[in-house]
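Trainee: Pasting a structure here, questions to come.
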Amino acid sequence: MASWGTISCAAAAATVLLLMLRGIDPAASAPVSIDPINCLDSGLKCCPPPSSKEIVDFKPDSQPSPLRIRRPAHTLDSEAAQKYEKAIALMRALPQDHRWNFIQQSNVHCAYCSRGHVQLGTKNHTIEIHGSWHFFTWHRAYLYFYERILGKLINDASFAIPFWNWDDLAGMSIPTIYRDNTSSLFNPTRFPAALNFTDLGGCQGDGTPGSLDKQKLCNLQVMHRQFAAASNSTSIFFGGALRAGGSFPGGGPIENSPHSPVHISTGADMSQISKSGYDPLFIAHHSNVDRLWAIWEGIPGDSSKVIADPDFLDASFLFWDENLERVRIRVRDVIDHRKLGYVYQDVPLKWMDIKTKVEGETSIRTAQDLARQYPVGKLNFPLRLRSAAKVNVRRTASRGEKLVVSDIELDGRDYVWFDVYVSRGDGGGRAQAGCFIHMERRSDKKIPIITKTQIGIADVIKQIGAATDDWIVVTLQPKVGGDKAKEHNIVFQALYNSTQPVQAIVCEVEGFGDPWLFLEKALCRRDDSTCSLLRKSDLGTRCE
Ligand code: C2O
């Protein structure tokens with residue numbers, strides 16, 4: 001245990017050193033912004049053509065324009081579908097180097113997530129818009145410009161992109177309008193199985209009669225679970241704080257799932273972050289992700305639904321708009337989607353009130369049961385997640401609990417997925433609380449990542465009948481996701497055998513009182529929000 005603390009502190013020191021080498025003062029936090037000139041070509045060729053055009057700051061429409069109403073892709077009428085198809089066809093027909101060209105537009109996404117755009121004030125530290133609090137915000141801005149460009153191409157100021165309503169029973173497969181192989185909306189790399197079913201997170205079936213219904217129910221449960229994991233915490237919902245010089249502080253529950261499994265289960269292009277924009281489904285997929293943000297915002301909660309931190313609100317990104325202006329847009333500009341001139345059509349949310357799936361007994365408790373609460377084996381950290389790992393975690397909080405699986409170390413090129421279960425210490429009820437999913441990235445060089453996943457567990461604790469327990473058991477269950485498990489088996493094997501280890505992991509329940517449960521020794525974290533939970537005395541003795 002103590003040695004893990006030492007490793008952690010050494011790594012923290014190394015992080016600080018790296019930041020200093022890059023020319024960023026770690027003490028002075030700052031919002032991320034993009035170097036308008038430097039974009040690195042990591043072999044993917046997705047950097048935009050250079051430009052000396054002046055950058056203008058984003059301003060919302062000065063004139064009122066018609067409200068754009070984004071509708072479910074599977075319910076579009078044929079007129080709307082034809083318009084959309086035409087707009088994408090026109091985008092594809094533009095000259096290759098045109099800023100609105102379909103591939104150029106797809107590459108906008110790629111350059112923001114495949115070690116392309118360099119962060120301002122650094123020599124070569126690139127931005128990554130996944131795995132942090134900028135996941136929702138960057139994609140909202142991207143879709144905003146994309147939608148307006150499409151509207152411009154067909155001369156329709158009310159044009160709205162559709163959303164792929166995969167959280168609805170009728171939307172859990174590739175929508176019909178995307179299926180015709182002569183359409184501009186087609187992509188040839190999709191998986192045949194995706195015509196039948198879209199997986200939101202570990203809901204693949206066995207093809208037997210009745211299986212599809214079960215899979216769809218499983219999807220609804222995933223939706224419910226992942227929302228519950230985020231609903232009472234703004235910082236959990238958005239994901240970890242990405243400040244200037246940082247990368248991969250950890251994505252929120254929705255980014256992990258359903259977002260990633262939808263990519264992974266849809267097709268070869270969609271499964272790879274850098275190429276996913278080549279499939280027109282990407283836009284509809286992210287339109288739905290963006291809609292979930294809007295839905296989450298509407299759920300009443302204890303705290304503000306916006307992160308007030310200026311490093312969040314003042315982060316900025318560059319795009320080309322529908323007037324071929326080069327625009328700098330800040331996160332604060334995208335917080336309110338109504339101000340951006342669009343809304344989502346209301347559709348019923350079947351998953352909102354669905355029951356969590358609990359295995360095992362949740363009600364019968366005997367003195368004998370309780371006596372068996374503690375015996376789960378001790379783990380030594382770091383550990384490689386080759387097989388399920390069980391950890392005893394002591395609870396001290398009664399509300400607002402979160403589980404943090406931190407210091408997950410991996411090679412960012414690899415596809416990694418493990419599920420997180422919570423169960424009662426007496427071997428009673430058990431339920432999945434969340435998961436960690438990292439999507440594949442192409443690169444010749446290793447992409448070292450140390451990240452974390454945070455899961456709100458208040459709801460699941462209640463469901464398993466552990467509300468009054470002092471201890472819970474957390475299980476980390478490594479898995480391969482999707483119908484294409486075989487394709488990725490080699491990567492997976494390598495990950496969980498030896499060459500590409502996933503090194504984990506400390507589990508803690510943060511709440512009132514001792515934040516360093518499970519471990520006897522205090523640890524120093526890279527992330528300042530966690531570090532501030534350390535007692536001063538711990539900092540003095542452990543983290544010099
Ligand atoms: Cu930017 Cu769904 O990926």
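Trainee: Scan region 195-219 for residues that are part of a helix (DSSP H, G or I) and either buried (at least 22 other Cβ atoms within 10 Å of the Cβ) or not hydrophobic (A, V, I, L, M, F, W, C) (or both) and report the count.
Mentor: 6
Trainee: Right, another one. Out of curiosity, is Gly131 away from the ligand (no atom under 13 Å from the Cβ) and not hydrophobic (A, V, I, L, M, F, W, C)?
Mentor: no
Trainee: Let me ask something else about it. Surrounded by fewer than 22 Cβ atoms within 10 Å (Cβ to Cβ), within 16 Å of the ligand (Cβ to nearest atom) and assigned to a helix (DSSP H, G or I): which single residue out of Asp269, Asp290, Asp311 fits that description?
Mentor: Just one listed residue meets the conditions, Asp269.
Trainee: Which of the residues that make up region 90-110 are within 18 Å of the chain's Cα centre (by Cα) and in a loop (DSSP other than H, G, I, E, B)?
Mentor: Those that are within 18 Å of the chain's Cα centre (by Cα) and in a loop (DSSP other than H, G, I, E, B): none in region 90-110.
Trainee: Quick one: Val56 ticks every box in (1) modelled with pLDDT of 95 or more; (2) over 26 Å from the mean Cα position of the chain (by Cα); (3) open to solvent by 60 Å² or more (accessible area, probe 1.4 Å) except a single one, so which number is it?
Mentor: For Val56, the exception is condition (3).
Trainee: Sticking with this one: Has region 62-72 got any residue that is modelled with pLDDT of 75 or more and open to solvent by 70 Å² or more (accessible area, probe 1.4 Å)?
Mentor: Scanning region 62-72, I find at least one residue that is modelled with pLDDT of 75 or more and open to solvent by 70 Å² or more (accessible area, probe 1.4 Å), so the answer is yes.
Trainee: State the number of residues belonging to region 314-333 that are under 20 Å from the mean Cα position of the chain (by Cα) and assigned to a loop (DSSP other than H, G, I, E, B).
Mentor: 1
Trainee: Can you confirm whether region 46-56 contains a residue that is outside any loop (DSSP other than H, G, I, E, B), more than 16 Å from the ligand (Cβ to nearest atom) and not small (Gly, Ala, Ser)?
Mentor: yes
Trainee: Further question: With (1) within 26 Å of the chain's Cα centre (by Cα); (2) at pLDDT 95 or above as the list, and Ser184 as the residue in question, which single condition is left unmet?
Mentor: (1)
Trainee: Another question, if that's okay. Considering each of Phe282, Phe248 in turn, give the residue that is of a type in the set (A, V, I, L, M, F, W, C), within 16 Å of the ligand (Cβ to nearest atom) and in a loop (DSSP other than H, G, I, E, B).
Mentor: It is Phe248.
Trainee: Under 26 Å from Gly298 (Cβ atoms), at pLDDT 95 or above, of a type in the set (S, T, N, Q) and surrounded by fewer than 24 Cβ atoms within 10 Å (Cβ to Cβ): is that true of Gln226 in this structure?
Mentor: Considered against the rule, which asks whether it is under 26 Å from Gly298 (Cβ atoms), at pLDDT 95 or above, of a type in the set (S, T, N, Q) and surrounded by fewer than 24 Cβ atoms within 10 Å (Cβ to Cβ), Gln226 comes out as no.
Trainee: In region 2-20, is there at least one residue being surrounded by 12 or more Cβ atoms within 10 Å (Cβ to Cβ) and at pLDDT 50 or above?
Mentor: No, there is no match, as no residue in region 2-20 is surrounded by 12 or more Cβ atoms within 10 Å (Cβ to Cβ) and at pLDDT 50 or above.
Trainee: Go over the candidates Ile457, Ile450, Ile437 one by one and state the one that is buried (at least 22 other Cβ atoms within 10 Å of the Cβ) and modelled with pLDDT under 90.
Mentor: Ile457
Residue-wise test of (1) in a strand (DSSP E or B); (2) closer than 27 Å to Ser29 by Cβ; (3) within 16 Å of the ligand (Cβ to nearest atom); (4) free of Cβ contacts under 8 Å to residues at least 12 places away in the same chain.
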residue: His74; (1), (2), (3), (4): no, no, no, no
residue: Ile88; (1), (2), (3), (4): no, no, no, no
residue: Gly121; (1), (2), (3), (4): no, yes, no, no
residue: Phe135; (1), (2), (3), (4): no, yes, yes, no
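Trainee: Tally up the residues in region 111-136 that are at pLDDT 95 or above, within 17 Å of His285 (Cβ to Cβ) and either under 14 Å from the mean Cα position of the chain (by Cα) or open to solvent by 10 Å² or more (accessible area, probe 1.4 Å) (or both), please.
Mentor: So the answer is 4.
Trainee: To continue, here is another question. Scanning for something in contact with a helix residue (DSSP H, G or I) (Cβ under 7 Å, 6 or more places away or on another chain) and either away from the ligand (no atom under 16 Å from the Cβ) or within 20 Å of Phe163 (Cβ to Cβ) (or both), does region 206-215 turn up at least one residue?
Mentor: Checked region 206-215: no residue is in contact with a helix residue (DSSP H, G or I) (Cβ under 7 Å, 6 or more places away or on another chain) and either away from the ligand (no atom under 16 Å from the Cβ) or within 20 Å of Phe163 (Cβ to Cβ) (or both).
Trainee: Identify the residue in region 244-264 that is at pLDDT below 95 and not hydrophobic (A, V, I, L, M, F, W, C) and, among all such residues, is surrounded by the most Cβ atoms within 10 Å (Cβ to Cβ).
Mentor: It comes out as Gly250.
The values are calculated or read from the model by the stated rules, or taken from the named source; none is laboratory data. Predicted, not measured: the structure shown is a model, and the values here were computed from it. Virtual Cβ from ideal backbone geometry, glycine too; neighbours counted across all protein chains shown. Ligands, DNA and RNA are stripped out before the accessible areas are found, and what is left, the full protein with its side chains, is counted by its heavy atoms. Shrake-Rupley method; radii C 1.70, N 1.55, O 1.52, S 1.80 Å.
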